[in-house]
1. Tell me the residue from B:ILE331, B:ILE411, B:ILE338 that is facing another protein chain (nearest Cβ under 10 Å), open to solvent by 10 Å² or more (accessible area, probe 1.4 Å) and either among the β-branched types (Val, Ile, Thr) or assigned to a helix (DSSP H, G or I) (or both), please.
2. Going residue by residue through segment A:254-274, is there one that turns out to be out of contact with any Phe, Trp or Tyr (no Cβ under 9 Å at 6 or more places or on another chain) and acidic (Asp, Glu)?
3. Any idea which of B:THR325, B:THR231, B:THR225 is over 18 Å from the mean Cα position of the chain (by Cα) and without any contact (Cβ under 8 Å) to a residue 60 or more places away in the chain?
4. Quick one: what pairs do we get from segment A:380-391, first residue within 16 Å of A:GLY297 (Cβ to Cβ), second hydroxyl-bearing (Ser, Thr, Tyr), C-beta under 6 Å, 6+ apart or different chains?
5. Tell me which residues, restricted to segment A:34-48, are open to solvent by less than 50 Å² (accessible area, probe 1.4 Å) and more than 13 Å from chain B (Cβ to nearest Cβ).
6. Which numbered condition trips up B:GLU357, out of (1) over 17 Å from B:ALA467 (Cβ atoms); (2) open to solvent by 50 Å² or more (accessible area, probe 1.4 Å)?
7. Name the residues in segment A:316-328 that are at the interface with another protein chain (Cβ under 10 Å from one of its Cβ atoms) and either assigned to a helix (DSSP H, G or I) or polar (S, T, N, Q) (or both), would you?
8. Could you please find all residues in segment A:308-327 being in contact with a Phe, Trp or Tyr (Cβ under 8 Å, 6 or more places away or on another chain) and open to solvent by 10 Å² or more (accessible area, probe 1.4 Å)?
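The values are calculated or read from the model by the stated rules, or taken from the named source; none is laboratory data. These figures come from a predicted structure and were not determined experimentally. All Cβ positions, even for glycine, are placed from backbone atoms using ideal geometry, and neighbour counts span all protein chains on display. What goes into the accessible areas is simple: the full protein's heavy atoms, side chains included, and nothing from ligands, DNA or RNA. Shrake-Rupley method; radii C 1.70, N 1.55, O 1.52, S 1.80 Å.
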Number of protein chains: 2
Amino acid sequence: MAESQGNRIIVVGGVAGGASAAARARRCDEHAEIILFEKDEYVSFANCGLPYFIGEEITERSKLLVATPELFRNRFNIDVRTRHLVQSVNVENKTVSVLNRESGEVSEEPWDRLILSTGAAPITPPLPGIESENVFTLRNLNDADAIKAFIAEHGCQKAVVVGAGFIGLEMVEQLHHLKLETDLVELQPQVLPPLDPEMARLVQNELIDHDIKVHLGTAVVTIQTENNTATGVELGNGTQIAADLVILGIGVSPAIELAQAAGIEIGARGGIAVNDFMQTSHPDVYAVGDAVEYQHGVLGTPQRIPLAGPANRAGRIAGQHAASTSADPMIAPMGTAIVRVFGITAALTGLSKKFAELTQRKNRSIIVVGKHHAGYFPGAQQLFLKLTYDPESERILGAQSVGREGVDKRIDVIATAMKFKGTVRDLAGVDLCYAPPFGSAKDPVHIAAFVACNDLDELTRIIEVDADLSAYQILDVRSQQEVDTFRFPEITHIPVDELRGRLGELDASRPIITVCHSGMRAYIAARILQQSGFEDVHNLTGGMLMQRFARPELFE
Amino acid sequence: MAESQGNRIIVVGGVAGGASAAARARRCDEHAEIILFEKDEYVSFANCGLPYFIGEEITERSKLLVATPELFRNRFNIDVRTRHLVQSVNVENKTVSVLNRESGEVSEEPWDRLILSTGAAPITPPLPGIESENVFTLRNLNDADAIKAFIAEHGCQKAVVVGAGFIGLEMVEQLHHLKLETDLVELQPQVLPPLDPEMARLVQNELIDHDIKVHLGTAVVTIQTENNTATGVELGNGTQIAADLVILGIGVSPAIELAQAAGIEIGARGGIAVNDFMQTSHPDVYAVGDAVEYQHGVLGTPQRIPLAGPANRAGRIAGQHAASTSADPMIAPMGTAIVRVFGITAALTGLSKKFAELTQRKNRSIIVVGKHHAGYFPGAQQLFLKLTYDPESERILGAQSVGREGVDKRIDVIATAMKFKGTVRDLAGVDLCYAPPFGSAKDPVHIAAFVACNDLDELTRIIEVDADLSAYQILDVRSQQEVDTFRFPEITHIPVDELRGRLGELDASRPIITVCHSGMRAYIAARILQQSGFEDVHNLTGGMLMQRFARPELFE
């Protein structure tokens, strides 16, 4: 590896991407001069831990300070200057203009290589009342301190969280942990908009089970105030909610102002455009983290992916390349993300069904319901897994999972297969750990792949979870007891074990959908029918179990 | 898919592979005649659950019966004949000779396709006393019933388990659960022989912490008896151990007698030779499960892999191919396996370091010590991860992990990357789930890959965990407090944060090894030295933490 001499590297922003870049640059070039400017007080703090600190699941504030300016100085010989705001970048002279926020002094600092890790800013819509002292966003430790202080000082009892994305849900959980009565407002008609609606419904039910009031498909139109303090919100649907504090978690916009003003290229999605080595349109200026657009591993186009994992990996690459002009290229991220919501976990990677539709990709989706470890072993928990794939290339496009245990593992396995552009057939043969406390000989990942392969091979024709069923005769092959519990209004009921002897009860001229609890018996039934003269037979993926969430209005 | 007519399929053996094959054959061909012969009473029972049933972690025996003969008949129209022993196979006439063990009758049954899932038999060495009523092997439900009954009837207090492989360790744990005082005897100088010794030592310590007496590098030479009842064992090293029962878990040998007598090819490893569709040397005879040799995903040669996962997947392929003459090929397994031993989990995939050496492959190994989720989030548990790779192709050859939480996920992710013949550089960029309760932005999997890449790029030169250190000066860069706790006898001690100012204390003419707690600070120190005129600098992988297990004699 080439190691340059006389390299002056300036890093702007000292959290995930910037801190990773600075440390990696030092390890690659002991002799570079490395200066890190951070506009706030802290560097390398645990951004993702903030909700848990507010909710007192993390009790020691010091634990959030992953690395201090002192450590950067002593261990890495990096000149960390906190409370220093980089105001402008001059790419011709290769300088930055920096405001010392303590002294008010402004200085010009030269660089040979510049790494921008400017992050993103929480979106705050121009609502009446938005400036109230108890309307918060959550981005840094100061925000968390302010929220904690306000709750403690005012003995808050009621909160409204606006936005049911990852941070919104984490805040709802943690406010509940603090025993605040909490309402959640989301503009989309579902919680966790990155998920498909029926998967999100599993999360919504968990919220409702914990007494969270969920308001979907509506927005906050006014924040009601008294003396610059919010007292409640009014929603577009007319609902009034009293509140002692309001948390906004409706997304972030990339902090591109510095780059833009310097003439650095901004991508179509509004983030800084970078190549695989995190170089911007100016080869000596790098950018990483929430401010950039990454090549998306499935879409193959630049996308904003404001997540900690890619930021950290990109920082490492930028730091190495800035220090030594070579590095392994960034491996395209796929938006793999996860959230714990009370007792359940929701995770996804790649494209949801609805996003595949939105981007006009050919796609098919199947859903399986499995156990996180052997069903006969104590404590087995139900796990929903949805797999979306391209029916032509057979490539996996995405996966979503919701359950109480083992969700992270399944999504990580599928995300790993997707890194290699794996197909559903590849996934059917991955050699996973198995012992009863950890999984099953046929893991839910395998079962999902098997079902997808059966669909591709037309061994069974999958009907997707939200398909219009009105043209079909529905053959329910569950037991009488199961059918009595809940069922579609109009069904033909023949338990699977009796089907071979009762084929005459079906109308062979009409298309048939087979249904059971989760899909396995319906598949067996569909195979029997397909080989017994019934030509138009389909199997409803995810079974009645998933229908409860996909079409709740039918069963509530 | 072609669906044959008039196909008579006989399956021999009704557990994992055979049951999967029969059910899949039916789904692929509704009209085939399918007969399943099982020599014992049960089909499709949960083999892997038996230790937990003995130890009463699984309390309901019925839960182990995953599918009954009745279910096979009603749901799959499969003619299941239990207590029927297939005595011989005639490949010319395409018949089997079957003994009805109830009636004593022998019949000839014709087949068009035959699927052998004959399994394996526990190895029982010809020791004096081996035939005693309380010397058990564990293979099927009858064995488990017998062990349970004996313990209950005789109020057993003391057990000896022979063999520290997967089943041996599961039995030790479960006998301890029953409050039996338990000794474990293993011929190899370590527990869990598939692991490298220092990783196995982590498991051994957990056993010792639970008062298991572990006897390594010695074998049982005599089983002492009174009235056909074992009263103890004598080991090769002279140790005498009293025992109320003895469990043998020293491995299995493939049940190939039927195939061999029929002239079907047996492989070099003693298992039935099969192709990727599980066809034997006779194209209408298939074989699956513990009796066969699978193509090994890393070695690329046929190997016996007597595990449930491959058996189930192979059964499915054989069943489909036998029914319809086409199927996706078997994806080569890699021996991915896992075991829970009290509070810890040990898992591996692919080759260990020692197996890579044994098979004369170029290899390098690194060890990282991480946390199973964000270190600042409550409950983070330490996890050891060893990655073995080919330094030329950079391909991952194997991984081993031991820890209290999250071990299965890391090994599954690496096993998935290995399915695609992934390199350590691929692994560095996998896009995994991250939120504080589930992982870290840089997961231990990433860190392991980063370290391996640094090793390949000579950014740091890794010294492996068991290397001879005598020729090196050892630079310990930990804090004074850490050094005082335990250290190598001869070290130069300079804390990493002081190193830049104290380079003069080192002898630049001698090769240096840097060490710290787990390897990170030692890596930073090595980078400083390598770029400051020290030419021969190495970093001890896994740090002092791993040395405690690799060279316990130095620190005990």
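1. B:ILE331
2. Yes, the conditions are met somewhere in segment A:254-274.
3. Matching residue, one of B:THR325, B:THR231, B:THR225: B:THR231.
4. A:THR388/A:SER365
5. A:ILE34, A:ILE35, A:LEU36, A:PHE37, A:GLU38, A:ASP40, A:TYR42, A:VAL43
6. It fails just one condition, (1).
7. Those that are at the interface with another protein chain (Cβ under 10 Å from one of its Cβ atoms) and either assigned to a helix (DSSP H, G or I) or polar (S, T, N, Q) (or both): A:ARG316, A:ILE317, A:GLN320, A:SER324, A:SER326.
8. A:ALA308, A:ARG316, A:ILE317, A:HIS321, A:ALA327
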